[in-house]
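See below for the structure under consideration.
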Amino acid sequence: MQSPCVARCGLNDDEICMGCFRHIDEIVAWSQSDNGQKQRILDKLPQRRSHYLGQQNSQILSREKWLAAEKRLEDTK
């Protein structure tokens, strides 16, 4: 299943990417997710897009944020 990434990464204050409207944890977990998990993520995006559309990126998707999300996901396993 193809990623919804549009290569316009920038996180808002809720850590939602304003390009694809996925949460940082969903972005990091995407490559390890099965198709069912990916579809559940994709199903959330239209509502998020409506909610967040027009807001500005307040943060860049940095390596530090990526590593923090990886750690959160690892801690939940």
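The values are calculated or read from the model by the stated rules, or taken from the named source; none is laboratory data. Remember, predicted model here, so these are calculated numbers, not experimental data. A quick note on method: Cβ atoms are made from the backbone with ideal geometry, for glycine too, and the neighbour counts reach across all protein chains shown. Ligands, DNA and RNA are excluded from the accessible area calculation, which covers all protein heavy atoms including side chains. Shrake-Rupley method; radii C 1.70, N 1.55, O 1.52, S 1.80 Å.
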Would segment 17-27 turn up any residue that is modelled with pLDDT under 95, loosely packed, with under 15 Cβ neighbours inside 10 Å and in a helix (DSSP H, G or I)? no
Given the conditions (1) out of contact with any helix residue (DSSP H, G or I) (no Cβ under 9 Å at 6 or more places or on another chain); (2) open to solvent by less than 90 Å² (accessible area, probe 1.4 Å), report the number of the one that His51 does not fulfil. (2)
Within segment 14-53, the residues that are farther than 17 Å from Arg63 by Cα and in contact with a Ser or Thr (Cβ under 8 Å, 6 or more places away or on another chain) are Cys20, Ile41
Step by step: first the residues of segment 28-48, then only those that are among the small types (Gly, Ala, Ser) and closer than 20 Å to Asp75 by Cα, then the one that is most open to solvent (accessible area, probe 1.4 Å). Which residue is that? Ser31
